[in-house]
Amino acid sequence: MMALDPNRWMRDARRRLARLPSLRMARIPDAPALPVRDPWPGDPGRGANLLKGELELAGTIGLLRPGAVADIAGSDLLRSYAHGFTWLRDLRALGTDAARMRARALVQEWMAGAADAALPQRPDVAGARIAAWLGHYDFFAASADDAFRQRLMARLVADARSLAAALPPEETDARALTAVKGLIAAAVALPEHAAFLTRALRVLPQEIGRQVLPDGSHSERSPAQLLAALQDLLEIRGLLQAAQAQPPTLLAAAIERMAPALRSLRHGDGGLALFNGSKEQQASLIDLVLSQAGRAGRPAAALPEGGFYRLQAGRSVLIADCGAPAPARLDRFAHAGTLSFELSVGRDRMIVNVGAAPAAGSEWRDATRATAAHSTLAIADTNSSELRPDGVGRRPETIEAHRQEANGAHWLEASHDGYRRPFGAVHRRRLYMSESGEDIRGEDGVEAAEPQPYVVRFHLHPDVDASVQQDGEAVLLRLASGSFWRLRADNARVTLEESIYLGAAAPRRCEQVVLTGYQDGPQQVKWAITKVG
């Protein structure tokens, strides 16, 4: 017999009570008492696609069939996004009367069809929807008829009551902050429900403490989730200011730590590094988030709790993932990319990871999460962490990383034992960047009792033109800006193979340099990436 979880039982009981009609029969307000503003820009291109019935998230498109917005098909992430309505900002960015009417119609269809299904009522989904409806109220609802506005406000009150009863949520990742944000938005717009704010402020400090690591990283170890969590905390700060409520002291300190951590995970083009479910994101959005966070500072050179390290010299930036996959219940976006790195020069990305398809089907998600989709070493075409639909299973147990800097040059030595169980092997990687940033060297080795078949991959950004040189031991790389670089290797066979890039909005073909180690030779390959001319 399954043991009863008292916390879940109490949460479910509170939610059932919250759905009952209020004994006080409180009047449903005609409109929000205070305005709630969504502070983030939308994408008019995606707004135009919404007019055609196409909902896009992280490169995956779902179809909004007429009259059935509540029944959209697709992955859990895509369906959550549909029910969360944050895409209203894309219709707002389009700004036409057709966009306004489309937004109103989709909300109307949802209210007619969503009922109390489990996914729409999940705390993070309900929180996102409450914040989105209130944040875009003036856009799609203020000019609507009385019947629509009354139904909308009634649904907002009901959802907020249910959300208050569901906190703290079962989800312990970034979704918990979205849930808290939604309840605070409801408290601002519906000040007669003072209990909403009391409940939210009771939960907020524990969620900040759980999710924001001492170095400012996010507990999910994903640059994209760090950005999303920082956005939610900035919105919460703004909402509390609007309500003239005293914010928890942890809030300002968390924002102050997260900003330099986010800066350290950006490349020269302003976009994010592609680790653990992340895509580039718009540089302008990241700029806006950082400007609202305040205190413009230098990127952090090391995020020891998050497990990321940044080597920067001249115009070159190298970002390496030297951390263990996020722990259980925080590993929904975890990739098997331990010790992978990315390299950019100025605004040109050179070495990348494949990227992510977090909202796609399981086949694409698993392909992008595999070790082979990252610029690192793989043994026998096996993942360094076991991929599961909801996270990872077998994973590295011991990861070591040491960073040094002297006279402008940088060294990083790291290792992981993710291959110990299947092969009795440890991967060691050494990286060096000269003070000019124009000489990057590396050494990848396999420590094992028996020789292992291994390859080292360097995925190239789609804008990089590559050609194998005549000696077969090097590849010439031409970046988008016109500069040339050479990747040379010893103790390995050098080949150029096809790859795909999912870091931007649409998939793009690209190439990868593959170094295949000689199984009967040294279990070590040395390589160098140097500027030519």
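Values in this text are rule-based calculations from the coordinates and carry no lab data. This is a predicted model, so every value here is computed, not measured. FYI the Cβ positions are ideal-geometry reconstructions off the backbone, even for glycines, and counts take in every protein chain you see.
If you take all other residues with their beta carbon under 15 Å from the beta carbon of Asp97, and give Lys and Arg +1 and Asp and Glu -1, the sum is +3. Using the Stokes-Einstein relation with a Kirkwood hydrodynamic radius computed over Cα pairs, the translational diffusion coefficient of segment 303-532 at 37 °C and a viscosity of 0.692 mPa s comes to 185 µm²/s. Electrostatic tally near Pro422: other residues with Cβ closer than 14 Å to its Cβ, Lys and Arg +1, Asp and Glu -1, net -1. Counted by Cβ distance under 13 Å from Leu239, the other residues give a net charge of 0, where Lys and Arg count +1 and Asp and Glu count -1.
The alpha carbon radius of gyration of the chain, expressed as a multiple of 2.2 N^0.38 Å, is 1.03. Taking Cα centre as origin and charging only the Cβ of basic (Lys, Arg, +1) and acidic (Asp, Glu, -1) residues, the dipole magnitude of the chain rounds to 1640 debye. Compared with the direct C-alpha span, the chain from Leu496 to Ala409 gains 28.4 nm at full extension, assuming 0.36 nm per residue.
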